[in-house]
1. How do 86-93, 182-189 rank on mean C-beta neighbours within 10 Å, highest first?
2. Taking only Cα atoms and a 10 Å spring cutoff, compute GNM fluctuations for the chain and point out the largest among Phe282, Phe208, Phe347.
3. Amide H to amide H under 5 Å from Gly103: which residues, 5+ apart in sequence or cross-chain, H placed 1.01 Å off N in plane?
4. Any idea what the relative contact order of segment 19-377 is, in percent, if you count C-alpha pairs under 8 Å spaced at least 6 apart?
5. Report the full-extension gain for the segment His226 to Ser243: residue separation times 0.36 nm, less the Cα-Cα distance, to one decimal in nm.
6. Using a ≥ b ≥ c from the Cα gyration tensor of segment 101-208 (square roots of the eigenvalues), is it rounded, prolate or oblate, where a/c under 1.5 gives rounded and otherwise the larger of a/b and b/c decides, a/b for prolate?
7. Restricting attention to segment 84-165, which GluC sites (Glu not before Pro) occupy a DSSP loop and are surrounded by at most 12 other Cβ atoms within 10 Å?
8. Given a Förster distance of 25 Å, report the FRET efficiency between Glu59 and Phe88 from their Cβ-Cβ distance, rounded to the nearest 0.05.
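Read-outs: derived from the displayed coordinates by stated rules, not from any lab. These figures come from a predicted structure and were not determined experimentally. Backbone-built Cβ (ideal geometry, glycine too); neighbour counts: all protein chains shown.
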Amino acid sequence: MSNFTLYSRKPINSNKIDMPFLIVCIILLSLGIVTLFTSTNGQDSFFRDPMYFVIHQLEAIAIGFVFMLFLICVNMDTIRKILPILFFVTLGMCILTAIPGIGYESNGARRWIKFGFFSFQPSEGAKFVLVIYLANLYAKKIDNGEEASNSWYHALIGIIVFVLTVIAQRDFSTAMFLLFLGITISFLVGVKLRYFLMLLVMGIPIIFLLIFTEEYRVQRIIGFFHPTFDVQGVNYQLTAAKSAISSGGFIGKGISGLSKIHLIPEVQADFLFAGWAEAMGFIGVLFYFGLLVFFMWRVVIIALHVKDSFCAYAAFGSGLCIVMQSLVNTAVVCGAFPSTGIPLPFFSAGGSAMIITLCFNGLIINISRKSLARDGDYE
């Protein structure tokens with residue numbers, strides 16, 4: 001892995017964006033809005049407006065598009081220059097969640113900061129900054145002809161800093177996601193395996209300790225290994241989600257025939273994939289994963305054909321973050337992974353997650369302008 005090079009040293013001869021990537025992003029975003037509408041429009045007994053979640057999602061998309069357009073147009077060298085500011089501002093926002101009056105609590109966790117009508121979940125921003133931080137760190141070493149492993153300890157410090165601040169927010173799932181995202185990116189850019197083995201030996205006891213210090217985490221683990229445990233409590237969401245998925249059958253019930261999906265508490269957040277599966281069935285599930293594969297394929301194409309190593313790692317890390325979140329979320333909904341609070345990109349309701357997803361896409365589109373954007377130009 002130490003000789004692995006993600007980018008191709010080919011001349012840049014196109015300044016056009018990768019249209020297939022943009023199209024698949026638009027398709028995923030559109031399907032997310034439709035699924036959110038069909039899965040929540042029957043919840044008017046809880047909210048006066050049956051369009052409540054859709055309207056808030058569209059507002060988040062509008063804000064996200066502003067950031068996305070900025071990231072499409074900004075020079076990538078500028079992003080590297082302001083990276084220290086982004087790092088410490090994001091870290092500061094994570095810390096602000098603990099300050100009364102700025103950070104606010106929901107469901108026993110302090111994961112949000114609020115200024116007037118504006119609220120944001122800093123841990124979502126940490127995903128974006130971590131990807132850029134690692135891309136910049138490893139690119140510097142590789143551009144100087146050094147091994148990526150030489151930056152491992154600096155990378156680990158950045159990863160652990162964000163992990164610890166997110167754990168302090170009682171957001172264990174996002175903290176573990178940040179940890180594994182950082183490890184995965186590091187491995188793929190060429191950090192030697194022995195460094196991860198050392199981390200594994202030290203990290204597993206700490207992770208187990210963190211799990212068993214919170215009752216709800218223990219219950220989630222028990223619920224994962226014993227699906228019939230507390231089906232009216234900790235396993236209620238999962239049981240209802242499985243029922244909705246199975247009711248979709250092979251071709252689905254259509255977007256107007258949803259029923260069981262409305263029995264899933266907070267379906268709009270982390271279990272929206274069950275709504276898609278019930279509406280579109282097994283065919284729809286295959287179609288979704290086909291889109292996800294196509295999405296990542298375009299990201300890899302873009303990363304492989306950009307000359308700048310920082311851009312290559314940033315594009316690949318951005319796509320990897322979205323795909324990893326998608327796989328974790330769908331695995332949870334299907335019962336193949338313990339329950340987490342990881343949202344489904346493009347689908348789950350949540351302003352912070354949607355804005356950051358669009359930021360990732362804006363960054364990838366920007367980088368695609370530096371690559372050989374037309375299929376005919378690719379080797």
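1. 182-189, 86-93
2. Phe208
3. Lys114
4. Value for segment 19-377: 27 percent.
5. Contour length minus Cα-Cα distance gives 4.5 nm.
6. Note, shape of segment 101-208 comes out oblate.
7. Taking segment 84-165 and a limit of 12 other Cβ atoms within 10 Å, the loop GluC sites (Glu not before Pro) found are Glu146.
8. 0.35
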